[in-house]
1. Do any helices (runs of 4 or more DSSP H) entirely within region 311-391 hold 1 or more residues that are touching a Phe, Trp or Tyr at 6+ places or on another chain (Cβ under 6 Å), and if so, which?
2. List every residue pair whose Cβ atoms sit under 8 Å apart, with the two residues 6 or more apart in sequence or on different chains, where the first one lies in region 366-395 and is farther than 29 Å from Ala286 by Cβ and the second, anywhere, is not in a helix (DSSP H, G or I).
3. Only residues in region 121-137 that are without any contact (Cβ under 8 Å) to a residue 12 or more places away in the chain count as the first member; pair them with residues that are buried (at least 24 other Cβ atoms within 10 Å of the Cβ) and assigned to a loop (DSSP other than H, G, I, E, B), Cβ under 8 angstrom, at least 6 apart or cross-chain, and list the lot.
4. Please give the number of the condition Ser291 fails out of (1) under 23 Å from Thr87 (Cβ atoms); (2) touching a residue at least 12 places away in the same chain (Cβ under 8 Å); (3) part of a helix (DSSP H, G or I).
5. Determine whether region 323-341 contains at least one residue that is touching a residue at least 24 places away in the same chain (Cβ under 8 Å) and closer than 24 Å to Val202 by Cα.
6. Go through region 82-195 and tell me which helices (runs of 4 or more DSSP H), entirely inside it, have 3 or more residues that are buried (at least 19 other Cβ atoms within 10 Å of the Cβ) and touching a helix residue (DSSP H, G or I) at 6+ places or on another chain (Cβ under 6 Å).
7. Here are Arg272, Arg240, Arg250: which of them is open to solvent by 50 Å² or more (accessible area, probe 1.4 Å), under 17 Å from Cys312 (Cβ atoms) and either at pLDDT 95 or above or not acidic (Asp, Glu) (or both)?
8. Could you list, in sequence order, all residues of region 217-237 that are open to solvent by 30 Å² or more (accessible area, probe 1.4 Å) and in contact with a Lys or Arg (Cβ under 8 Å, 6 or more places away or on another chain)?
Amino acid sequence: MRRPLLAVAAVVALALPGAAAGGGGIGGPQFGYGPHVQEARAVTACAVQASPVSRYRACLEKSLLQLVERTNDPADELPKIDTYVHTTNGWLANNCHILMHTVGRRYAAAEHVTLENLLDYLPKTNDPGCSAGFAHGMLITLGPQIQKLGPKGAAAECAKATTRYERYSCVHGLGHAYARIYLDFPLPSVASCKLLGRADAVDCAQGVFHDYWIAVDGLDNTKQHSDMTTSPRALCGRYRGDFARACWYRAFLERPPKKPVDTAAAMLALCRGLRGVQERACITGASVIRSSDPFEQMATCARVPAALAVACARGVRVPGVALSPRSSRVGLISDCAAFARAAQFGCYWWLGKSLNVVTNGRFGRRNCPHLGTPAARKACAAGAAAYEGPLVTFS
């Protein structure tokens, strides 16, 4: 009996996309389940259902919802789920955000979460993966309450969140909620976001566009409608300024182009024929899908024309270094030195701002003053000082 049992165990381990059954991933196999036993068990319980993906997704949604309900503390449990999922390097690591939309929706409905007690449930982390997806899912369920409370009331509730990232994520989630209220028609959804005020309107709109691109494929319990276009040039072309940037930011992430975008030349080809803010916004969207490694993204952005380099930097996945050593964050912003001189101020400004968001305001104080040149320090400090303002292109 020993050989058949070993064979079954091997199949189970291989069935889980990108992960060993005992807590593998970046650090390799670990004894037992590693440090996150409950989280590992919840995920690996679905290993034998890893094909097709739809069955694997359904199993994960059920298993992770049961875990969150059992612990009854999503604010502290979701960061643990994120930490474990980051070690798996597989399908779940790449899709946890959207998967947790469903878990967040179901949890909020089952636990009768309200806008008044939402802050008790928001994950205590700046992670844009599982945790942010869970938060956005809860806000989708709270759509009727959000509509009843009105835009000023909804914005005020988000403003109570502890960190800048949590406030941003909450406002982004309002966009998802408005999109569901209006069946993913962008016009009334974005109009609702504008009623939140200038500080929140565009970040809310990014949530609207995020939901729209999800709905185009009928995912996450959305409903497709005949007026939907699959072309970002058509949809985003209807908007100007930061609203155009918010629209393009999510377009390729949810609907990748057929050809890989792995060089500066590929970015330029993808956005050929566009002009002004539409071209810059398209470049930002292309940068987002260039790589999951922010350092690779920065190296590519340094190779695009100076007029588009800052737009490219706006797509760099800065949250990817949020939990890394200080040297990684300083190293990332230091890569702005490789940009054309005309683009360096904008690069340092944007990285200073976004790094200040993911470090809860510490980067500006602790790191900007120690960059290598006066110009770099000045631009970094200016960006960091603006981190409470709209983020527009951010995850």
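The values are calculated or read from the model by the stated rules, or taken from the named source; none is laboratory data. Predicted, not measured: the structure shown is a model, and the values here were computed from it. All Cβ positions, even for glycine, are placed from backbone atoms using ideal geometry, and neighbour counts span all protein chains on display. Ligands, DNA and RNA are stripped out before the accessible areas are found, and what is left, the full protein with its side chains, is counted by its heavy atoms. Shrake-Rupley method; radii C 1.70, N 1.55, O 1.52, S 1.80 Å.
1. Details: elements: 326-334, 341-358, 362-366, 374-385.
The helices (runs of 4 or more DSSP H) meeting that bar are 341-358, 374-385.
2. Filtered contacts from region 366-395: Arg377/Leu371.
3. Listed by first residue and then by second, the contacts come to nothing, as the list is empty.
4. Going through (1) under 23 Å from Thr87 (Cβ atoms); (2) touching a residue at least 12 places away in the same chain (Cβ under 8 Å); (3) part of a helix (DSSP H, G or I) one by one, Ser291 breaks only (3).
5. Among the residues of region 323-341, not one is touching a residue at least 24 places away in the same chain (Cβ under 8 Å) and closer than 24 Å to Val202 by Cα, which makes the answer no.
6. Numbers: elements: 91-111, 130-141, 143-149, 151-159, 164-181, 186-194.
Hits in region 82-195: 91-111, 130-141, 151-159, 164-181, 186-194.
7. Numbers: Arg240 fails: under 17 Å from Cys312 (Cβ atoms); Arg250 fails: open to solvent by 50 Å² or more (accessible area, probe 1.4 Å).
Matching residue, one of Arg272, Arg240, Arg250: Arg272.
8. Selection gives Asp217, Asn221, Thr230.
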